[in-house]
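The values are calculated or read from the model by the stated rules, or taken from the named source; none is laboratory data. Everything numeric here is computed off the predicted structure, so don't read it as measured data. Ideal geometry is used to build each Cβ from the backbone, glycine not excepted, and the neighbour counts take in all protein chains shown. For accessibility, only protein heavy atoms count, side chains too; no ligands or nucleic acids. Shrake-Rupley method; radii C 1.70, N 1.55, O 1.52, S 1.80 Å.
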Amino acid sequence: EILSGLVGSEMCIRDRVLEGASRPGHFDGVATVVAKLWNIVRPAAPVLRSYFGQKDAQQLTVLRRLATDLDIDVDVRAVPIVRSPEGLALSSRNTRLDAAGLEHALVLSRALRSLADAAASGEPVDVQAARRMVEDEPGVELDHLVVVDRDTFCLLYTSPSPRDQRGS
């Protein structure tokens, strides 16, 4: 059936959470451009593979879901995050930071590493402590820090920020 897997499934990955909420329409544009690209190159490639960075995990999930939902025969692969020796992700946004900004931004990788280490060792994951770690760093403003389902990006756990509480 053409609509199997689409009707009644709960997907949170696009415009309701995280980057989708803060950048309305962004994932629609990404999905459109990538789908067009896949359709252009597919006839020329015996096995179509597309590579996307893990750093943009929500975008990666959107594109995997796009391929599945539209029955596009493409192997979507995740490419590991490339980090500086200090631990900061090498990204176009981070290249705009000055020396002080780079130093402050390292708190993000420290907070994420603390959560990953706790999860890997079977310890409780303390999202509130990680949030405090980031929010206590001068010059760093946290947009969101949540735990989500890796396939749907539906929220599993969120630690409200003082900014979130002020808005209500």
For region 137-150, check the following and say yes or no: at least one residue is part of a helix (DSSP H, G or I), at pLDDT 90 or above and open to solvent by 60 Å² or more (accessible area, probe 1.4 Å). no
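Which is surrounded by 16 or more Cβ atoms within 10 Å (Cβ to Cβ), over 18 Å from the mean Cα position of the chain (by Cα) and part of a helix (DSSP H, G or I), of 31, 35?
35
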Where a residue in region 60-84 is closer than 19 Å to residue 149 by Cα and in contact (Cβ under 8 Å) with a residue 24 or more places away in the chain and its partner, wherever it lies, is among the basic types (Lys, Arg) and surrounded by 13 or more Cβ atoms within 10 Å (Cβ to Cβ), with Cβ under 7 Å and at least six apart: 62/14; 76/64
Those residues of region 106-136 that are open to solvent by less than 40 Å² (accessible area, probe 1.4 Å) and either among the acidic types (Asp, Glu) or out of contact with any strand residue (DSSP E or B) (no Cβ under 9 Å at 6 or more places or on another chain) (or both) come to a total of 8
Over region 53-87, the set of residues crowded, with 18+ Cβ neighbours inside 10 Å and more than 26 Å from residue 21 (Cβ to Cβ) is 74
Return the residue satisfying two criteria in turn: it lies in region 1-37 and is of a type in the set (A, V, I, L, M, F, W, C) and at pLDDT 85 or above, and of such residues it is farthest from residue 147 (Cα to Cα). 37
Give me the pairs: first residue in region 114-127 and more than 17 Å from residue 87 (Cβ to Cβ), second residue open to solvent by less than 50 Å² (accessible area, probe 1.4 Å) and of a type in the set (Ser, Thr, Tyr), beta-carbon distance under 7 Å, and six or more apart or on different chains, which are they? 127/159
